[in-house]
Amino acid sequence: MNLGRLEVICDSPPLKIVEACARLSDLLLPMDRPWHHFRRNTGRQACQYCRRAPLLQQYDIEYTTGRTISYFIGQCRHCGAIYWLPKEETGKTS
Ligand SMILES: [Zn+2]
């Protein structure tokens, strides 16, 4: 059953990323939590709900095409909101 998740979460990463993260033990109920792009560049580096800074970790998502894309993903331990940021947008190189 499709509850229209993507209609209410417009700030979320590609669905494949959310699905991949659903298999991680690091994140609590990622399919049921709001996802937000972590706007490092605007200075909004804390959770928008409770103003606590989420701890972002790097995850490498490997696509079936063989391409690997790295994301920083972190969950606010206070309210459960999940923040994500493609590594390429951080300006860091590996
Ligand atoms: Zn929070």
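Laboratory data are not the source of any read-out in this text; all were calculated from the coordinates shown. Remember, it's a predicted structure, so these values are computed and weren't measured experimentally. Every residue, glycine as well, gets a Cβ built from its backbone with ideal geometry; the counts of neighbours run over all protein chains shown.
Ranked highest first by the average count of other Cβ atoms within 10 Å around their residues, in what order do 62-70, 46-54, 31-39 fall? Walk me through the numbers on the way to the answer.
Details: 62-70: 9.4, 46-54: 14.8, 31-39: 17.0.
For the peptides 62-70, 46-54, 31-39, the packing ranking is 31-39, 46-54, 62-70.
Output wanted: per-residue J couplings in Hz (rounded whole) for the range 12-28, from phi through Karplus 6.51 cos²θ - 1.76 cosθ + 1.60, θ = phi - 60°, x for Gly and Pro.
With coefficients 6.51, -1.76 and 1.60, one gets 8, x, x, 4, 4, 5, 4, 5, 5, 6, 5, 8, 7, 7, 5, 9, 9 Hz.
Tabulate in residue order the Karplus-calculated ³J(HN,Hα) for the range 75-87, using 6.51 cos²θ - 1.76 cosθ + 1.60 with θ = phi - 60°, rounded to whole Hz; enter x for Gly and Pro.
Per residue, the Karplus-derived 3J(HN,Hα) values read 10, 5, 6, 8, 10, x, 5, 10, 10, 9, 7, x, 4 Hz.
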